[in-house]
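Have a look at the structure below before the remarks.
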Amino acid sequence: MGEDEALAAFLHHLAHERRLSPHTLTNYRRDLARTAGWLEREGLGPWERVDQDAVRRYAAARHRAGASGRTLQRELSALRSLFRYLLREARIGHNPAVGVRAPKAPRKLPATLEADQLCALLDQAEDEPLALRDQAMIELFYSSGLRLAELVGANLVDLDLADGVLTVTGKGAKTRRVPVGSAAREAIRRWLAVRSTLVGTEEPALFVSSRARRIHPRTVQLRLAQWGLSHGAPRGVHPHLLRHSFASHLLESSGDLRGVQELLGHSDISTTQIYTHLDFQHLAQVYDQAHPRAKRKG
C-alpha cells in the first residue's frame, strides 16, 4: 500500500465506516495532504516509514511557519487517526503520533449575541419563500443549537412539529433528539407552507435551495450573513454564532451544564465548559453594576 493508496483507504474508512460528514472529511483530506507533501519534500515518506521524530519535526516546522496551536492540535489529531487505522490494518507496528503534542492554544471564547439582539433579528415580517426559509433556519439554529451539517442534513421525516422535536445526526453519525421551541415551530410551519413552490414531494430535505435540491452548507452561511447585514445585526451572523448563543443563554438561565452538553451533542463535557466562562463574564458584569462595594471611589 503506497502513500496515496493508504490515505485514500483511510478517507474511504472515514466516509463509509465512521460515516463522518463531508465537511469533516474535507478537513481530514486537506490536513493529511499537507502533511504528506511535507514528508515527501523531506524524504520521510511513505506513511509506513514515518517515526515519532518525523512527526515532531513536522509539528515544529508548522509551528515555525506560523500555524496556531489549535491548527496543530487538529492536524496531529488527524495524524493519530490515520496511524490508528494503519495499525488496525497491520501496516505499521505502532502509532508514531502518540505523545506528540502541539503548543497549547489560547482559550478563545466564542462570540454570542444578546437575547434581545436575536429577537430583533428574528422578529421580522416575511412573505417571500426564500426569506421564510432563511428565517426558519435561523430560528432553528438558535432554538435547538444545531451544527451547520445537522441543519443541512435534516429531513422532513426527522421533524415532529406536534411534539416539538427534531432528530439530528451529529458528529460520528450519532443521532440525538433536540427540542424545537414554539417560535421556531411557527417559523418552520410558515416555511413548509411555501416549500412546495420550490421543490416537489420527492425531495426529503427539510431545507432546500432555489435549485430544488437540498440546501448547500455554503448557501446557508451566505444567506445568514446577508440576513444579518440587511437586518442590522451588531456582528456577522453565522451558524456557530447562533449555536454559541443558544448554549450560552441556556446555561445562563438553567445552570445545567450536563443538560446543555446533551443538547449540543458534545461527547466530552470539557467542550461544553467553555460556556461557563461566558456565563461568568455575564455574572461579573452584573456584579460590577449592582454590588454596592464593587466599585470603590478613589
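Go through segment 83-100 and report how many residues are under 15 Å from PHE10 (Cα atoms) and part of a loop (DSSP other than H, G, I, E, B). Let's see the steps before the verdict.
Within segment 83-100, the first condition is being under 15 Å from PHE10 (Cα atoms), and the residues that meet it are 83-92, 95.
Add one more test, that the residue is part of a loop (DSSP other than H, G, I, E, B), and what stays is 89-92, 95.
Total meeting the criteria: 5.
Would you confirm whether or not segment 134-145 contains a residue that is surrounded by fewer than 15 Cβ atoms within 10 Å (Cβ to Cβ) and at pLDDT 95 or above?
The first filter runs over segment 134-145 and keeps only residues surrounded by fewer than 15 Cβ atoms within 10 Å (Cβ to Cβ), leaving none.
No: zero hits.
I need the full set of residues from segment 196-213 which are out of contact with any Asp or Glu (no Cβ under 8 Å at 6 or more places or on another chain) and farther than 11 Å from LEU130 by Cβ, in order please.
SER196, VAL199, GLY200, THR201, GLU202, GLU203, PRO204, ALA205, ARG211
Can you run down the residue pairs with Cβ atoms below 6 Å, 6 or more apart or on separate chains, where the first is in segment 179-208 and assigned by TED's automatic domain parsing to the domain that holds GLU262 and the partner is β-branched (Val, Ile, Thr) and at pLDDT 95 or above?
Short answer, once both residue conditions are applied: LEU198/VAL208; VAL199/VAL208; PHE207/ILE215; VAL208/ILE215.
Scanning segment 146-178 for residues that are in a strand (DSSP E or B) and touching a residue at least 24 places away in the same chain (Cβ under 8 Å), which turns out farthest from the chain's Cα centre (by Cα)? Talk me through it step by step, then tell me what you get.
We begin by selecting, within segment 146-178, every residue in a strand (DSSP E or B); these are 155, 159-160, 165-169, 175-178.
Restricting the remaining residues to those that are touching a residue at least 24 places away in the same chain (Cβ under 8 Å) gives 155, 159, 166, 168, 176, 178.
Working: ASN155: 19, LEU159: 21, LEU166: 18, VAL168: 13, ARG176: 15, VAL178: 16 Å.
Looking at residues that are in a strand (DSSP E or B) and touching a residue at least 24 places away in the same chain (Cβ under 8 Å), I get LEU159.
What pairs can you find where one residue is in segment 27-41 and in contact (Cβ under 8 Å) with a residue 12 or more places away in the chain, the other is hydroxyl-bearing (Ser, Thr, Tyr) and surrounded by 15 or more Cβ atoms within 10 Å (Cβ to Cβ), and their Cβ atoms are less than 8 Å apart, with a gap of 6+ or different chains?
Correct list of pairs: TYR28/SER81; THR35/TYR58; TRP38/TYR58; LEU39/TYR58.
The values are calculated or read from the model by the stated rules, or taken from the named source; none is laboratory data. What you see is a predicted model, and the numbers here were worked out from it, not measured in a lab. FYI the Cβ positions are ideal-geometry reconstructions off the backbone, even for glycines, and counts take in every protein chain you see.
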